[in-house]
Amino acid sequence: MKTNPLWWQKGIIYQIYPRSYQDSNNDGIGDLPGIRQRLDYLQSLNIDAIWLSPIYPSPMHDFGYDVADYVDINPLFGTMADFDALLADTHARGLKLIIDLVPNHTSDEHAWFQESRSSRDNPKRDWYIWRDPAPDGGPPNNWLSFFGGPAWTFDDKTGQYYLHQFVTQQPELNYRHPDVLPAMLDVMRFWLDKGVDGFRVDVIWLMMKDAALRDEPPNPDWNGVEPYQSLNHIYTQNLPEVHDLIRQMRTVLDEYDERMMVGEIYLPYDQLMTYYGEELDECHLPFNFHLIQAKWRAQTIRQLVDSYEDALPEGAWPNWVLGNHDQHRIATRVGLAQARVANMLLLTLRGTPTSYYGEEIGMEDGRIPPEYIQDPPAVNQPEIAHIIGRDPERTPMQWDDSAHAGFTAETAVPWLPVAENYTNRNVSAQDDDPTSMLSFYRALTALRRSEPALNVGHYTAVDHDNNDVLAYVRSASGRTFMIVLNFTGEPQEVSITGYGEKAPITLATHMQRRGSVTLPQFTLAPNEGLILQI
Ligand code: NOJ
């Protein structure tokens with residue numbers, strides 16, 4: 001058991017995509033005062049920290065991940081006074097606030113890039129990555145953008161290409177220039193001085209690129225769908241030099257009390273672990289996205305959890321995620337009934353859970369008619385938009401059954417259409433139903449909060465002979481819970497020995513189920529998960 005756990009170890013993080021949470025001024029785009037109006041709701045979820053996707057001034061080519069000014073608030077979302085008020089009210093409720101930091105690239109409208117692009121001898125020229133054209137006039141190398149096409153754009157004014165691995169309007173900063181990191185560390189200090197509790201750091205594993213800009217080799221395992229995946233990204237991702245940057249970022253956080261940094265990193269476990277740092281001096285939490293990517297089978301998840309637990313360095317704290325603004329929603333991926341099982345898994349595994357807004361009510365991907373598609377990778381690559389488009393998981397929060405789900409005024413036009421099922425899949429309907437997904441989520445989070453076994457206790461896998469059922473034990477301070485999860489839509493017979501006979505049910509996905517089970521022989525209903533007291 002973890003003794004003296006910090007808030008980001010014991011607590012639950014809840015991600016808000018500000019454009020889509022609550023609109024307070026009826027322009028169809030969510031904003032900071034809107035989030036502030038929903039603090040009662042947020043508190044009722046028994047979460048501990050809110051993470052806001054970017055709220056900085058931005059031309060919104062990548063919906064805020066193209067930052068034009070790191071130390072201000074986008075008027076679409078409100079003012080700095082609105083931010084300060086949200087931060088103060090969040091803290092007054094005992095909640096923490098984490099903001100997104102996007103250090104890898106800026107917007108092309110950022111003053112730094114404006115200077116950099118103005119002439120070849122501008123002092124900020126090398127704050128970004130500029131290169132002469134290849135001999136044939138084409139891009140300097142074969143690197144690709146995640147969002148389709150080459151990672152280079154030619155700039156007429158100075159006759160060179162600049163690097164961008166996302167949209168053209170997201171030029172990448174050059175962290176090999178000695179002045180760039182100090183400037184970003186100052187940005188961190190600005191927000192830390194204000195009192196933010198931490199940062200979710202965008203694409204932290206991409207911040208360094210090969211100094212020689214070598215061509216990347218083809219990916220022999222490419223499935224022919226997403227062009228970006230056709231190369232092996234050995235010169236643009238996960239370079240050894242990135243760790244020094246992260247250590248310096250961590251040093252700034254450590255100048256303050258209990259602040260944290262969670263890094264966005266999509267890597268296999270052996271490499272992911274290196275982002276904790278050799279001395280645990282890098283990310284407090286390198287995001288663990290493997291539940292998003294794995295096949296939804298009990299045995300696969302068992303192996304994944306066990307291999308993660310085994311790979312964790314001594315003293316490193318685990319974390320788990322089911323979804324975010326870049327991934328299809330969990331209820332769409334596994335179905336609504338399994339989404340309860342998924343929430344039970346997320347909220348009973350050892351490690352900090354991050355919930356994506358709407359997961360608590362079983363929100364599904366929205367259907368986006370072609371004329372509404374806005375997400376750049378989908379706009380750029382219409383033939384694979386249905387696979388890679390991220391608009392579906394970013395539709396407005398479903399508050400009630402009024403027009404636009406209570407997200408914005410009836411007369412407004414929400415920036416993305418509200419998912420069609422909002423008339424019955426919404427907070428208000430579920431609030432009144434003691435067996436709804438929302439009531440289930442609150443019961444789970446309340447239980448997790450009240451039981452050290454669940455929030456900081458040990459994890460042990462439980463062996464048994466049903467391959468469709470995952471079972472594990474969490475324990476601390478003499479209290480032990482067993483979690484048993486049926487990953488299928490069929491009833492499952494389970495036989496667990498070595499933990500006694502009768503086990504009372506503390507919480508079930510099918511909330512009306514009470515009583516106890518007989519561990520050596522019991523049946524789980526389709527899509528059922530149970531938390532048992534042992
Ligand atoms: C990762 C973010 O989560 C995603 O939404 C964004 O498009 C890219 N980084 C670029 O910032």
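The values are calculated or read from the model by the stated rules, or taken from the named source; none is laboratory data. Just so you know, these numbers come straight off a predicted model, no measurement behind them. Because the Cβ atoms are built from the backbone with ideal geometry, glycine has one as well, and the counts that use them run over all protein chains shown. Just the protein is used for accessible areas: all its heavy atoms, side chains included, with ligands, DNA and RNA removed. Shrake-Rupley method; radii C 1.70, N 1.55, O 1.52, S 1.80 Å.
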Solvent accessible area, Å² - residue 458, 1.4 Å probe, full protein context: 100 Å²
Pull out a ≥ b ≥ c, the square roots of the eigenvalues of the alpha-carbon gyration tensor of region 95-242, then state rounded if a/c is under 1.5, prolate if not and a/b is larger than b/c, and oblate in the remaining case. oblate
What list of ³J(HN,Hα) values in whole Hz, one per residue of region 352-361 in order, does the Karplus curve 6.51 cos²θ - 1.76 cosθ + 1.60 (θ = phi - 60°) give from phi, with Gly and Pro shown as x? 5, x, 10, 9, 9, 3, x, 4, 6, 10
In nm, give the distance between the simple-model label positions of residue 497 and residue 306, each being 7 Å from the Cα along the Cα-to-Cβ direction. 1.9 nm
Accessible surface, per residue, of region 458-533 when the full set of protein chains is kept, probe 1.4 Å, Å²: 43 Å²
What distance in nm separates the two pseudo spin-label positions at residue 154 and residue 244, each 7 Å out from Cα along the beta-carbon direction? 3.5 nm
Area of residue 450 that stays accessible when all protein chains are in place (1.4 Å probe, Å², to 10): 80 Å²
Report, to the nearest whole %, how much of the accessible area of the chain belongs to carbon and sulfur atoms, 1.4 Å probe, protein only. 48 percent
Counting only residues 5 or more places away or on other chains, whose amide H sits under 5 Å from the amide H of residue 200 once H atoms are built in the peptide plane? 99, 100, 101, 262
For the chain, give the share of DSSP beta bridges that are antiparallel, in percent and rounded to the nearest 5; count only bridges with both residues there. 60 percent
At 25 °C in a medium of viscosity 0.890 mPa s, region 476-534 has a Stokes-Einstein diffusion coefficient, with Rh taken as the Kirkwood radius over alpha carbon pairs, in µm² per second, of 211 µm²/s
Given 10/209; 10/194; 96/124; 96/502; 2/209, which pairs have Cα atoms separated by over 32 Å? 10/209; 96/124; 96/502; 2/209
One finds, for residue 374 and residue 229 with R0 = 25 angstrom and r their Cβ-Cβ distance, a FRET efficiency to the nearest 0.05 of 0.65
Length gained, residue 518-residue 41, 0.36 nm per residue minus C-alpha separation, equals 168.0 nm
Probe 1.4 Å, all protein chains in place: accessible area of residue 73 in Å², nearest 10? 10 Å²
Pull out the extension gain between residue 126 and residue 477, defined as 0.36 nm times the separation in residues minus the alpha carbon to alpha carbon distance; nm, one decimal. 120.8 nm
Rounded to one decimal in Å, the inverse mean reciprocal Cα-Cα distance for region 17-84, i.e. its Kirkwood radius, is 12.4 Å
Ranked by accessible surface with a 1.4 Å probe, highest first, in what order do 373, 234 come? 234, 373
What residues qualify as long-range amide H neighbours of residue 128, i.e. H under 5 Å apart, gap of 5 or more or another chain, H built at 1.01 Å from N? 174
Once the Cα gyration tensor of region 279-342 is diagonalised, what are the square roots of 5 times its eigenvalues, in whole Å and ordered largest first, as equivalent ellipsoid semi-axes? 25, 15, 8
So with the 1.4 Å probe, I'd like the accessible area per residue for region 192-282, rounded to whole Å². 43 Å²
Using a 1.4 Å probe and counting only protein heavy atoms, arrange 91, 464 so the residue with the most accessible area comes first. 91, 464
Per residue of region 175-186, in order, report the coupling 6.51 cos²θ - 1.76 cosθ + 1.60 (Karplus, θ = phi - 60°) as ³J(HN,Hα) in whole Hz, putting x for Gly and Pro. 6, 7, 7, x, 8, 6, 4, x, 5, 6, 5, 5
If one compares the long axis through the Cα atoms of helix 336-346 with the longest principal axis of the Cα atoms of the chain, the angle in degrees, nearest 10, works out at 80 degrees
Computed over the chain: longest principal axis from alpha-carbon atoms vs helix 242-254 long axis, angle to nearest 10 degrees, is 70 degrees
Considering only protein heavy atoms, with the full assembly of protein chains and a 1.4 angstrom probe, order 372, 228 by accessible area, largest first. 372, 228
For residue 281 and residue 423, FRET efficiency with R0 = 56 Å and r from the beta-carbon atoms, rounded to 0.05? 0.65
Please list, in chain and number order, the residues 5+ apart from residue 15 or on another chain whose amide H is under 5 Å from its amide H, with Hs placed from the backbone. 51, 355, 356, 357
proj_area_mean for the chain (convex hull on C-alpha atoms), units nm², value 24.6 nm²
Mind checking the per residue accessible area of region 1-104 for me, 1.4 Å probe, whole number of Å²? 30 Å²
Normalise the Debye intensity by I(0) for region 303-371, one equal point scatterer per Cα, no solvent, then take log10 at q = 0.25 Å⁻¹ and round to two decimals. -1.12
Pairing the Cα long axis of helix 437-450 with the longest principal axis of the chain, what angle in degrees results, from 0 to 90 and rounded to the nearest 10? 90 degrees
